[in-house]
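Scroll down for the structure; my scribbles are underneath it.
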Amino acid sequence: MAPRQRRRRTEREEGMTLSAAQATAQTTGEAEIEQRILGALYGQMLGDALGMPSELWPRERVRRHFGWIDRFLDGPQENCAACYFGAGQYTDDTAMALALADALLEAEGEVVPELIARNIMAWAQGFGAFERNILGPSSRRALSAQQEGVAIADLENNGVTNGAAMRVSPLGCLLPSAPLPVFVEQVWQASSPTHKSDIAVAGATVIAWAVSRAIEGADWATIRLALPGVADYAQRYRPSTFSPSLAARIELALSLTAAAAGYEQGSERVYQLIGAGVDTVESVPAAIAMVDLAGGCPNRCAELCANLGGDTDTIGAMATAICGALSGVQGIRADWLATLRQVNPRDMGHYSAGLLRLRQRRCAG
């Protein structure tokens, strides 16, 4: 165990000492950065929408019902989580991500938990999420308590599910990846309206940090090498649970994809050995594994996630956001992008331009 521990400390120390200016030195101009931000946002939407029909079904049932998902489909009526959504429509994962993005833009790049909570609550009430089988257990408890007047600071929010990680990609678009302690604290604040546990915040940190490093121009090989150290630091930041090590799970997931003989074997091993459930310690390593298995390609990644089984839309949203940041929006299939724009008429350029401006301000400051 000693060599592994020494390696993690080294990566963590490097992440802390790297300045924000150094972290952005690899980028080649504003246009490329904005394309990567837009890629992350549309990647989130793509993985979410493609994975929606199979959400929360076992892998075998997905295969039996759909064969292979390679296009946008309506949510099946027999799927109590997906039946509310049409082909190409995003779910709560992206709705909450955009609620976070709106809060970041409104606060001029500051992370204000109350604004984030207000926006998530407005979406949940408008969509009828409390009455439908939409909200995860941790988010439902936290939002219900806030409806009763409990302040965010007074909420325990120690749930271990993936509601913080699934919505965090816009924060990765905003924040420079270094220094790491500042990054983790900002993720903790953004997660706090629904999740404060060490594992939930660590999972959100991993997704946001990978998005941020991709926007800075780092390649996947560089990012994947650093992720266990980032996860380890974030999980130790404010210990609150006896969750297994997220860093160790990520290392295991990446070892499975590295040894796999093709997409099918890799996906099956991740599903069986890592898990694809709603707990952060399963879904975040699974998402990282899907990025790795797809070689950073957003289109392949979205397909792999949609057919994985389990929490397919959330794993897809997290993983494909990273891939979209790696490739830029131009890496997403034009026909899929057109469908997403038609079905979900949001001005995503408004978000990418705003997040770019605020990211540059943070880097300059």
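Each value in this text was obtained by applying a stated rule to the coordinates, not by laboratory testing. These numbers were taken from a predicted model, which means no experiment stands behind them. When we count neighbours, we look across all protein chains shown, and the Cβ atoms used for this are built from the backbone with ideal geometry, even at glycine.
Brief remarks follow.
- Extension gain for the segment Phe127 to Ser255, taken as residue separation times 0.36 nm less the Cα-Cα distance, is 42.1 nm to one decimal.
- Among Gly67, Gly172, Gly266: highest mean-square fluctuation, GNM of the chain, C-alpha pairs under 10 Å: Gly67
- Rounded Å value of the spacing that divides the Cα centres of segment 242-308 and segment 215-240: 16
- Projecting label points 7 angstrom from Cα along Cα→Cβ for Phe66 and Thr241 puts them 2.6 nm apart.
- Mean-square fluctuations from a GNM of the chain, with a 10 angstrom spring cutoff on Cα atoms, peak among Leu355, Leu46, Leu225 at Leu225.
- Candidates Gln35, Gln146, Gln89: whichever shows maximal mean-square fluctuation once the chain is modelled as a Gaussian network with Cα springs under 10 Å: Gln146
- Full extension of the chain between Glu268 and Glu114 yields a length gain of 51.4 nm, computed as 0.36 nm times the residue separation minus the alpha carbon distance.
- Of the GluC sites (Glu not before Pro) found in segment 36-92, the ones in coil according to DSSP and having at most 11 other Cβ atoms within 10 Å of their Cβ are Glu78.
- Overall form of segment 238-284 per C-alpha gyration tensor (a/c, 1.5; a/b vs b/c): prolate
- Given 10 as the ceiling on other Cβ atoms within 10 Å, longest exposed-site-free region of the chain for chymotrypsin sites (Phe, Trp or Tyr not before Pro) in DSSP loops: 69-241
- Computed over segment 117-188, the percent of Cα pairs more than 17 Å apart is 52.
- Taking a ≥ b ≥ c as the square roots of the eigenvalues of the Cα gyration tensor, the chain is classed as rounded, since a/c falls below 1.5.
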